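Reviewing the structure listed below.
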Amino acid sequence: MIVAEHAGFCAGVRRAVAIAERTSEVTEAVTLGALVHNPDVIASLERRGVHRVSSLDEAEGRPVIVPSHGLPQSVVNRAAEMGLEIIDATCPHVVRLQREAARAVQAGRTVVLVGDKAHPEIVAVTSHSGPGVMVVSGAADVAIVANASDSADRVTAGITPGQKITVLAQTTQVEHVVDAVAEALRARGADVEQVNTICPATAERQRAARALASKVDLMVVVGGRASANTMRLAEVCREIGVPVLSVESVAELDASTVRRARLIGVTAGASTPSWVMEEVMDAMSEIIEGNQENVQEVGVTPPAHATPQEPEIVKARVEEVYDDRVIVHLETDETATVYLKELVAEVAAPATAVAAVGDEFFVVPDRRRKPSDTDELVASKRQADYLLLWQKLADAKESGEVVEGTVTGVVKGGLVVDIGVRGFIPASQVGRRFVEDLGQFVGQTLRLKVKEVERARANVVLSHRAVLEEEEKQARVEAFKTLAVDQVVNGKVTRLATFGAFVDIGNGVEGLLHISDISWERIKHPSKVLTEGQEIQVKILNIDAERERISLGYKQLQDDPWKSVAQRFPEGTVTKGTVTKLMEFGAFVSLADGVEGLVHISQLADRRITRPEEVVSVGDQITVKVIGVKEKEHRISLSARQAAEEGERSDYKKYMKDQRSEETMTIGDRIGFDLRKLGQYTADDGEKGE
Ligand code: SF4
């Protein structure tokens, strides 16, 4: 198996996902349509609280994340009118295409855009550039449009010699298709300007896929079916003439196709996460190595006489029991024999040890095996059990019912579990977070949700993570009922971010400790006060049960340094402080631990300055006068200018006082004063006299 040199997540998708994930850390948000075209990525974002909606009305006030392929201008405008916050995750390459189209239209050129008219990226581009954009899917369309001279619409009115045309391409287009369109236009005499707007990620993935496809005898393309670039990768490989297997996930792998291939090439669309690609590759390795414990081969081999037609399952009642068989009466009023090997999976005891007269169970009568000479009808309980188990799994998938299974082993890509048949738990579905050591689960009985059931391919895919998430959600709902504002709870810091810290307060409830609620002091990063894993007490400041969001406070449980600030720093106090931060409007000065005041720029100097840096720097010790205290609001206004004036006044007063005292001095005082100055006279000398 060879992986294409360039495959999987591109920078644009990675950026969009990162933006969505970062947003989800602070608030719930929505994406209008798919953020990126991959169902696994969308499902993962859903779990984080980034929901996919199909109209702005469904946003219900939540911020709207613009998908990587952009949104039509009209939609963005409407969102703004509705007061919705827009978080733009449009890929920069898509933005470039939008700009190129708008530029060409403004310059009076006709834009021929090579792409899929219905793709959201193209819908957005045409909306951003207004009329004057003609979308074609290939050179064949040019001929159709060029002859459409009967239309009044300039876009479809045909192509005239000398017409100024700019050829652009959907970012995921195939290069030679775009070249062919440009050539076809030139052939009709158009003045063609061709701007390459295919994104580098697309181009390099296509080149790598093409190079690989020529060396292998099967190409497996992993990615969402709605992903244009994934579909184009498949097209590119087909053009080489190699068979292509396109799969969205491991569940769609066809084991027989994989097994037949001698050398397999693998590539993945730009929106395919690496873990999906790895799961597919791991499962293929298992198939190639002949290991039956992979996703396509996880079921037990059906009994030999299983038929492709849906077998008849009937109720049976045991009437006679012998060592090697039981005779049953069927609900169809027939009598049938169930031989021991069709009664139990492992023949370890006679039938008399496992069945008794009167027992009832289901069997599958094998009417094909009815020998005409004896008229004996045989039936299989094992096959009925097997079929009913698959039915039960299919029902569990529909209803979401939890099934139990024991982990029997670790294979590449996940766990094998015994649920009556063999099931497979992909590695990504084992725990809530990535599990490094899958071996720890061997022998454990897990509660599982059924994700995929295909009896024909003996394929059952299960998820332990889904059960954990559901249980946690339930626990969270219960926990929210007991939590209250102002309650003090124990918690553990799980993660630090620039805007605050996440604290696990038990039962799956994680609250956000905003940076401003960590310390009374102004801190740049939560790590100044907290570390991951630290156990702390926090106060609940706010609860949004509907959105399951909870705000916590840490500083609220510490002594408030502002408590007696009005007494410690009454108005008029002149004191020293340290400059902690410079802003355009002034400087913050720390007067004591956790107590900071603002010196407005107009109060920093006795002359007009335009920036605080002209007179102070961070770390400077300066003298300030308190000119206003608002203890409740934690605000102190300071003035360095008034402090300086005050200083000058008091120096002057002192000078005047000294002057006055000198005037009232006696000569003796003066002499003593002068002598003191000279160090020739001491109090002791005076007392001693001569
Ligand atoms: S495929 Fe290209 S245009 Fe699309 S998101 Fe990725 S980098 Fe951007």
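Scanning the stretch 522-539 for residues that are of a type outside the set (D, E, K, R) and either assigned to a loop (DSSP other than H, G, I, E, B) or at pLDDT below 95 (or both) yields 523, 525, 526, 527, 529, 530, 531, 533, 534.
Looking only at residues that are part of a loop (DSSP other than H, G, I, E, B) and open to solvent by 30 Å² or more (accessible area, probe 1.4 Å) in the stretch 509-521, which one is farthest from residue 552 (Cα to Cα)? Taking the candidates together, the pick is 521.
Test residue 19 against the criterion of being in contact (Cβ under 8 Å) with a residue 60 or more places away in the chain and either more than 16 Å from the ligand (Cβ to nearest atom) or within 30 Å of residue 543 (Cα to Cα) (or both), and give yes or no. Yes. Is one or more of the residues making up the stretch 105-112 over 18 Å from residue 270 (Cβ atoms) and either within 16 Å of the ligand (Cβ to nearest atom) or of a type in the set (D, E, K, R) (or both)? Yes, that holds for at least one residue. Here residue 237 fulfils each of the conditions (1) surrounded by 23 or more Cβ atoms within 10 Å (Cβ to Cβ); (2) within 21 Å of residue 413 (Cα to Cα); (3) away from the ligand (no atom under 16 Å from the Cβ) apart from (2). Taking the stretch 609-631 as the range and being over 14 Å from residue 570 (Cα atoms) and among the charged types (D, E, K, R) as the test, the residues that pass are 611, 613, 614, 620. Being away from the ligand (no atom under 16 Å from the Cβ), open to solvent by 20 Å² or more (accessible area, probe 1.4 Å) and farther than 21 Å from residue 108 by Cα is the filter here; which residues of the stretch 188-217 pass it? Answer for the stretch 188-217, where residues must be away from the ligand (no atom under 16 Å from the Cβ), open to solvent by 20 Å² or more (accessible area, probe 1.4 Å) and farther than 21 Å from residue 108 by Cα: 210, 211, 214, 215, 217.
Only one of the numbered conditions (1) open to solvent by less than 10 Å² (accessible area, probe 1.4 Å); (2) within 14 Å of the ligand (Cβ to nearest atom); (3) hydrophobic (A, V, I, L, M, F, W, C) is violated by residue 222, and that is (2).
Here 359, 324 are screened, and the one residue that is touching a helix residue (DSSP H, G or I) at 6+ places or on another chain (Cβ under 8 Å) and surrounded by 13 or more Cβ atoms within 10 Å (Cβ to Cβ) is 324.
Look at residue 417 and say whether it is surrounded by 15 or more Cβ atoms within 10 Å (Cβ to Cβ), β-branched (Val, Ile, Thr), more than 23 Å from the chain's Cα centre (by Cα) and outside the structural domain of residue 549 (by TED's automatic domain parsing). Criteria met by residue 417. Checking 95, 41, 105, 76 one by one, the residue that is part of a helix (DSSP H, G or I) and free of Cβ contacts under 8 Å to residues at least 24 places away in the same chain is 76 and no other.
The set of residues in the stretch 80-92 that are outside any strand (DSSP E or B) and within 16 Å of the ligand (Cβ to nearest atom) comprises 89, 90, 91, 92. State which residue pairs qualify: first residue basic (Lys, Arg) and inside the stretch 541-562, second residue in a loop (DSSP other than H, G, I, E, B) and open to solvent by 50 Å² or more (accessible area, probe 1.4 Å) in any location, beta carbons under 6 Å apart, and separation of 6 or more residues or different chains. Qualifying pairs under 6 Å: 555/520.
The residue of the stretch 373-395 that is farthest from the chain's Cα centre (by Cα), among those that are surrounded by fewer than 19 Cβ atoms within 10 Å (Cβ to Cβ) and closer than 23 Å to residue 463 by Cβ, is 388. The selection criterion, being more than 15 Å from the ligand (Cβ to nearest atom), open to solvent by 60 Å² or more (accessible area, probe 1.4 Å) and of a type in the set (Ser, Thr, Tyr), does not hold for residue 127. Summed over the stretch 25-77, residues that are of a type in the set (Ser, Thr, Tyr), crowded, with 24+ Cβ neighbours inside 10 Å and in contact with a Gly (Cβ under 9 Å, 6 or more places away or on another chain) total 1. In the stretch 113-123, which residues are under 23 Å from residue 190 (Cβ atoms), open to solvent by 50 Å² or more (accessible area, probe 1.4 Å) and within 16 Å of the ligand (Cβ to nearest atom)? 116, the sole residue that qualifies.
Report whether or not residue 31 is hydroxyl-bearing (Ser, Thr, Tyr), within 21 Å of the chain's Cα centre (by Cα) and within 16 Å of the ligand (Cβ to nearest atom). Criteria met by residue 31.
Among residues of the stretch 443-470 that are more than 12 Å from residue 429 (Cα to Cα), those with a Cβ under 7 angstrom from a residue that is open to solvent by 30 Å² or more (accessible area, probe 1.4 Å) and small (Gly, Ala, Ser), sequence gap 6+ or separate chain, pair up as 453/394. Contact annotation: residue pairs with Cβ atoms under 6 Å, 6 or more positions apart or on different chains, pairing a residue in the stretch 183-203 that is in contact (Cβ under 8 Å) with a residue 12 or more places away in the chain with a partner that is more than 16 Å from the ligand (Cβ to nearest atom) and of a type in the set (D, E, K, R), are 191/164; 192/186.
The values are calculated or read from the model by the stated rules, or taken from the named source; none is laboratory data. Nothing here was measured: the structure is a model prediction, and the numbers come from that model. With ideal geometry, Cβ positions are generated from the backbone for all residues, glycine too; neighbour counts draw on all protein chains shown. In case anyone asks, the SASA skips ligands and DNA or RNA and just uses the protein heavy atoms, side chains included. Shrake-Rupley method; radii C 1.70, N 1.55, O 1.52, S 1.80 Å.
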